[in-house]
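> Questions regarding the structure given below will be posed in turn.
We did not get these values from a lab; they are worked out from the coordinates using the rules stated. Note that the structure is a prediction, hence the values are computed from the model and not measured. Cβ: placed from backbone, ideal geometry, glycine included. Neighbour counts: every protein chain shown.
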Amino acid sequence: MLNVEPDSVAHDAPRGSTRLRSALALTVAAVATAGLVGAATGSAGAAPAGGCLWAGTSHAQGTTVVAGGRAFTCATDQLGAPHWQRGADVRTPSTVTEPGATAAPAGSFSAGAQQPGTEYNDYCVGTQLVDGSESVYEVVSDANGALRWKAAGPISQWTFTPGTGPVPTTRSASLCPPDQVIWPEPAR
């Protein structure tokens, strides 16, 4: 939201100059209206109403795709938001792109979609680096509707295209900060 501070241009305008204040008010109203319209219609990366996203491509309700040897059907969740329903293991070639969980899923994948993990999913447990490519990740929605990747199982559950497979991380445990030990301050 636009925050108009007391020291804004409109405040500094001469008292007789209402044109600047009116123009500023109209501009603020236009920006606010555009924001409300954008929020109501979804962002540019969102799927059309009822459609599900997979790797940035929209699929209509009822469409079934295959990825990693699993069938996924575009449906909606209990709130009416697009959601991929996982079906049977089909062990057939993928019908959609499988880029892996390489970035935040918003604007690229709808909830329920799954992808093999990548360096993007690496994390630290103490001083140990856990390789993100060791798991399959699923898109989940939090209470506010924000999408994120969540580990859904071991990478062995994913069927890769022949000649490909998980790509191990190139990162090292040196990125993981050492555990901090906090000692009580000595009495003085």
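> What is the packing order of peptides 113-124, 68-79, taking the mean over residues of other C-beta atoms within 10 Å and listing the highest first?
Output ranking for 113-124, 68-79: 113-124, 68-79.
> Further, regarding this structure: Test of understanding: what is the full-extension gain from Q61 to V130, defined as 0.36 nm times their sequence separation minus their Cα-Cα distance? Before the final figure, lay out each step's value.
Working: separation 69, 0.36 × 69 = 24.84 nm, distance 3.62 nm.
Residue separation times 0.36 nm, minus the Cα-Cα distance, leaves 21.2 nm.
> Label-point separation (nm) for E119 and R91, each offset 7 Å from Cα along Cα-to-Cβ?
Calculated label separation equals 3.4 nm.
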